[in-house]
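Student: A single structure is presented below for examination.
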Amino acid sequence: MENTRYYLGFNYVNGIGPVRLDRLIEQCGSIEAAWHASAAELMAIGLEPKLIEALVETRRNLDLDREMERLQRAGVALIDRENPAYPAALRHIPSPPPLIYVRGTFSDVDSWSVAVVGTRQPTAYGREATRRLATGLVEAGVTIISGLALGIDSIAHMTALDAGGRTLAVLPCGVDLVYPERHDALARRIADHGALISEFPPGTRPTPQLFPVRNRLISGLARGVLVVEAGVKSGALITVDYALEQGRDVFAVPGPIFSPRSEGTNRLIRNGAGLVTCAEDILEALDMSTAASQQEMRAALPDDPVEAAVLALVGYEPLHIDDLQRRTSMPVHEVSATLTVLELKGFVRQCAPMCYVLAH
């Protein structure tokens, strides 16, 4: 994409995050114009002096084309929010990252995904629960998302790979780094059978402030979040907070009442999280029991202009079939048949009789 280079440039400017960047684009008319704006123009639209100085300094020292080429040689893909390949799930979270860095590949099947998180020091019970649940999800065609951390995260990733599935790891550092370093071999496997993802520029070292930021992408990419074991102060509960803010379903594995590592999960269940004892509990709650067959349908059936026209009108607010018929001017039986196909493919679902919304 032509504008990717400018998203890349802004991502190197400390202090200009998604909100400020949106304001700059709105005021300047485009991201290209924002990148090339003079100091006086930037001041006129209200950008703070220290940020103007940081932007001017970055423009002076950063060769965008050379940096793009360097990342390409390193096997790092850049996906900005104008790119059709940008994960659809991320588009709808508060302040989505304007640019993400990827080692590996995204796939259409990753739209059926569940985040699995938990303590860095799991018990034998927690390890076995993670393996059983992750295996069941993968066998149903679900992609596993986690943060490559010690404990539950790494067990979830390894289980997905060992079961022949896909897994995505969201990093608290640049994708050219691996944290923790002992997971370097695991990270390479993930890149071969999924993707390593970060919103931070290559070379960014992990710091305590970046872990919560990373966690919002773990939940943002997933359709639901499963917590296996977590104490009351576990970082996994930060992911839960983001999940709730983003409208994602939260699930938890119940644990012994005497175990500190189950105190957080048991509290989540008491507060309304879905109690999970098997993968089917999650699949049914998220309407993902037919994920594998829906993926086969997507791969088997070609794109159809009629389907595309109907799908373009369906959003996250319920839309009655009569409204769709009026907007498309198609016969109602054709609209109904098209919706049936889109539902089989997993694009839409009925939220009420004859009312449809996007499925994910």
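The values are calculated or read from the model by the stated rules, or taken from the named source; none is laboratory data. As the structure is a computational prediction, the values presented were derived from the model and not from experiment. Positions of Cβ are backbone-derived with ideal geometry, glycine not excepted, and every protein chain shown enters the neighbour counts.
Student: Which of the residues belonging to the stretch 69-113 are of a type in the set (Phe, Trp, Tyr) and without any contact (Cβ under 8 Å) to a residue 60 or more places away in the chain?
Tutor: The answer is 86, and nothing else.
Student: Do we find that residue 221 is crowded, with 22+ Cβ neighbours inside 10 Å and either without any contact (Cβ under 8 Å) to a residue 40 or more places away in the chain or assigned by TED's automatic domain parsing to the domain that holds residue 123 (or both) in this structure?
Tutor: yes
Student: Please list, ordered by first then second residue, the pairs with beta carbon atoms under 9 Å, 6 or more apart or interchain, first in the stretch 251-274 and farther than 16 Å from residue 226 by Cβ, second of a type in the set (Ser, Thr, Tyr) and assigned to a helix (DSSP H, G or I).
Tutor: Close Cβ pairs (under 9 Å, with a partner that is of a type in the set (Ser, Thr, Tyr) and assigned to a helix (DSSP H, G or I)) amount to 256/125; 256/262; 259/125.
Student: Look through 110, 80 and report the one residue that is in contact with a helix residue (DSSP H, G or I) (Cβ under 9 Å, 6 or more places away or on another chain) and under 18 Å from residue 225 (Cα atoms).
Tutor: 110
Student: Condition first: among the basic types (Lys, Arg) and closer than 24 Å to residue 100 by Cβ. Now tell me which residues in the stretch 1-54 satisfy that.
Tutor: The answer is 5, 20, 23.
Student: Step by step: first the residues of the stretch 179-198, then only those that are of a type in the set (A, V, I, L, M, F, W, C) and in a helix (DSSP H, G or I), then the one that is surrounded by the most Cβ atoms within 10 Å (Cβ to Cβ). Which residue is that?
Tutor: For the stretch 179-198, the residue satisfying everything is 190.
Student: For the stretch 310-348, how many residues meet the condition of being crowded, with 16+ Cβ neighbours inside 10 Å and among the basic types (Lys, Arg)?
Tutor: Matching residues across the stretch 310-348 total 1.
Student: Where residues in the stretch 73-118 are modelled with pLDDT under 90 and either among the charged types (D, E, K, R) or touching an Asp or Glu at 6+ places or on another chain (Cβ under 8 Å) (or both), which of them is nearest to residue 347 (Cα to Cα)?
Tutor: Among those that are modelled with pLDDT under 90 and either among the charged types (D, E, K, R) or touching an Asp or Glu at 6+ places or on another chain (Cβ under 8 Å) (or both), it is 108.
Student: Something else now. Being over 13 Å from the mean Cα position of the chain (by Cα), of a type in the set (A, V, I, L, M, F, W, C) and within 27 Å of residue 170 (Cα to Cα) narrows it down to one residue among 33, 77; which is it?
Tutor: 77
Student: Here is a follow-up. Find the residue count for the stretch 1-39, including only residues that are polar (S, T, N, Q) and in a helix (DSSP H, G or I).
Tutor: Adding up the residues that qualify gives 3.
Student: Okay, moving on. Just the residues that are touching a residue at least 60 places away in the same chain (Cβ under 8 Å), among the hydroxyl-bearing types (Ser, Thr, Tyr) and either surrounded by fewer than 24 Cβ atoms within 10 Å (Cβ to Cβ) or assigned to a loop (DSSP other than H, G, I, E, B) (or both), please, taken from the stretch 114-155.
Tutor: 119, 123, 125, 135
Student: All but one of (1) in a loop (DSSP other than H, G, I, E, B); (2) over 30 Å from residue 221 (Cα atoms); (3) touching a Gly at 6+ places or on another chain (Cβ under 8 Å); (4) of a type outside the set (Lys, Arg) hold for residue 46, so report the exception by its number.
Tutor: All conditions are met except number (3).
Student: Filter the stretch 89-107 down to residues that are in contact with a strand residue (DSSP E or B) (Cβ under 9 Å, 6 or more places away or on another chain) and small (Gly, Ala, Ser) and give me whichever is surrounded by the most Cβ atoms within 10 Å (Cβ to Cβ).
Tutor: Restricting to residues being in contact with a strand residue (DSSP E or B) (Cβ under 9 Å, 6 or more places away or on another chain) and small (Gly, Ala, Ser), the top hit is 104.
Student: May I pose another question? Here are some residues: 100, 93, 79. Which one is among the β-branched types (Val, Ile, Thr) and in a loop (DSSP other than H, G, I, E, B)?
Tutor: 93
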